[in-house]
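The values are calculated or read from the model by the stated rules, or taken from the named source; none is laboratory data. Predicted, not measured: the structure shown is a model, and the values here were computed from it. Every residue, glycine among them, receives a Cβ derived from its backbone with ideal geometry; neighbour counts consider all protein chains shown. For accessibility, only protein heavy atoms count, side chains too; no ligands or nucleic acids. Shrake-Rupley method; radii C 1.70, N 1.55, O 1.52, S 1.80 Å.
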Amino acid sequence: MRGRPLLGFSMLLVLGMAVCAVFAPWLAPFDPEELHLGSKLLPPTAEFWLGTDALGRDVFSRLLYGARISLWVGFVSVGISVAVGVALGLAAGFFRGLVDEVIMRFVDVMLCFPSFFLILAVVAFLDANLFNIMVIIGLTSWMGVARLVRAETLSLRERDFVAAARLAGAGSARILFVHILPNALGPVLVSATLGVAGAILTESSLSFLGLGVQAPIASWGNMLLEGKQTIEIAWWLSLFPGLSILLTVLGYNLLGENLRRLLEPGGAR
């Protein structure tokens, strides 16, 4: 009962940002790249609800379109990391032996490198476009999922229902994808929800450093970068993108934490 208010609040934040992203073309009063040269650096007004930037672009419209970029990066990169992590974790936990040793030593090597600096190193050699950013974040964040799925698989493969499936003549593929995988997806769902928040933060950090989504495409990170240059005279350029990142990451973190509690034994009571 105590977690229900937080669950409702997290769902409200997550769904609110999703609605903003999906319906941005209809909710935005202006094109995000439209210039209003006579209205540069205006504070929030009745016409420009969250003010304008140094080029006269509407901040509210750019925030809505920035939500599309952030959520797209979050979902696609987490999808990549979950796909890789689940595949390797299942293989390591089910086949064990040499397969387990090779995969887990590779995981250990990947974990030796700080993820953000690894992403920076890769981005430095590739074009800083949206597709590359999503793939890079996904391919550098699968290790936790792999270890989680391996642990679940090691436990599940010893259960009675798996032994019964073997006695019934089920092959390895059927046992893996019909009996083990569905029962291992609960913790993966929690990890994926938290991973969306991490991916959004990573993309925003890269864009803030000038290595992520490039202008004139609107993203919360490059909006913060633009706001930093005029923070003393245009506070709204930093405040609203920062709040958007804060609320979105908070929403996904709270949702992931509440999902973890619900999926624990007795958590639904």
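Tabulated values for the structure
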quantity: Residue among 6, 55 that alone is surrounded by 14 or more Cβ atoms within 10 Å (Cβ to Cβ) and within 30 Å of residue 184 (Cα to Cα); calculated: 6
quantity: Flag if residue 116 is among the aromatic types (Phe, Trp, Tyr) and in contact (Cβ under 8 Å) with a residue 24 or more places away in the chain; calculated: yes
quantity: Flag if residue 90 is open to solvent by 50 Å² or more (accessible area, probe 1.4 Å), under 21 Å from residue 146 (Cβ atoms) and in a helix (DSSP H, G or I); calculated: no
quantity: Scan of region 131-140 for residues that are open to solvent by less than 60 Å² (accessible area, probe 1.4 Å) and either aliphatic (A, V, I, L, M) or touching a Leu at 6+ places or on another chain (Cβ under 7 Å) (or both), ordered by number; calculated: 132, 133, 134, 135, 136, 137, 140
quantity: Flag if residue 13 is farther than 22 Å from residue 129 by Cα and open to solvent by 60 Å² or more (accessible area, probe 1.4 Å); calculated: no
quantity: Cross-chain or 6+ apart pairs with Cβ under 7 Å, region 23-49 first and closer than 16 Å to residue 216 by Cβ, then assigned to a loop (DSSP other than H, G, I, E, B) and open to solvent by 60 Å² or more (accessible area, probe 1.4 Å); calculated: 33/216; 35/55; 40/55
quantity: Positions within region 93-115 being among the basic types (Lys, Arg) and either more than 23 Å from residue 195 (Cα to Cα) or assigned to a loop (DSSP other than H, G, I, E, B) (or both), in sequence order; calculated: 96
quantity: Residue that is part of a loop (DSSP other than H, G, I, E, B) and open to solvent by less than 50 Å² (accessible area, probe 1.4 Å), where the choices are 146, 128; calculated: 128
quantity: Wholly enclosed helices (runs of 4 or more DSSP H) of region 158-269 bearing at least 2 residues modelled with pLDDT of 90 or more; calculated: 181-208, 220-229, 236-263
quantity: Residue list for region 121-167, restricted to those being in contact (Cβ under 8 Å) with a residue 24 or more places away in the chain and small (Gly, Ala, Ser); calculated: 124, 128, 138, 141, 144, 146, 151
quantity: Filter result for the condition that a residue is in contact with a Leu (Cβ under 7 Å, 6 or more places away or on another chain) and in contact (Cβ under 8 Å) with a residue 24 or more places away in the chain, over 56, 93, 79, 74; calculated: 93
quantity: Residue match in region 228-245 (condition: within 18 Å of residue 65 (Cα to Cα) and open to solvent by 60 Å² or more (accessible area, probe 1.4 Å)); calculated: yes
quantity: Condition broken by residue 244, with the remaining ones in (1) closer than 19 Å to residue 79 by Cα; (2) over 12 Å from the mean Cα position of the chain (by Cα) satisfied; calculated: (1)
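Conditions (1) open to solvent by 20 Å² or more (accessible area, probe 1.4 Å); (2) touching a helix residue (DSSP H, G or I) at 6+ places or on another chain (Cβ under 9 Å), marked per residue:
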site	(1), (2)
17	yes, yes
20	yes, yes
37	yes, no
41	yes, yes
60	yes, yes
70	no, yes
74	no, yes
106	yes, yes
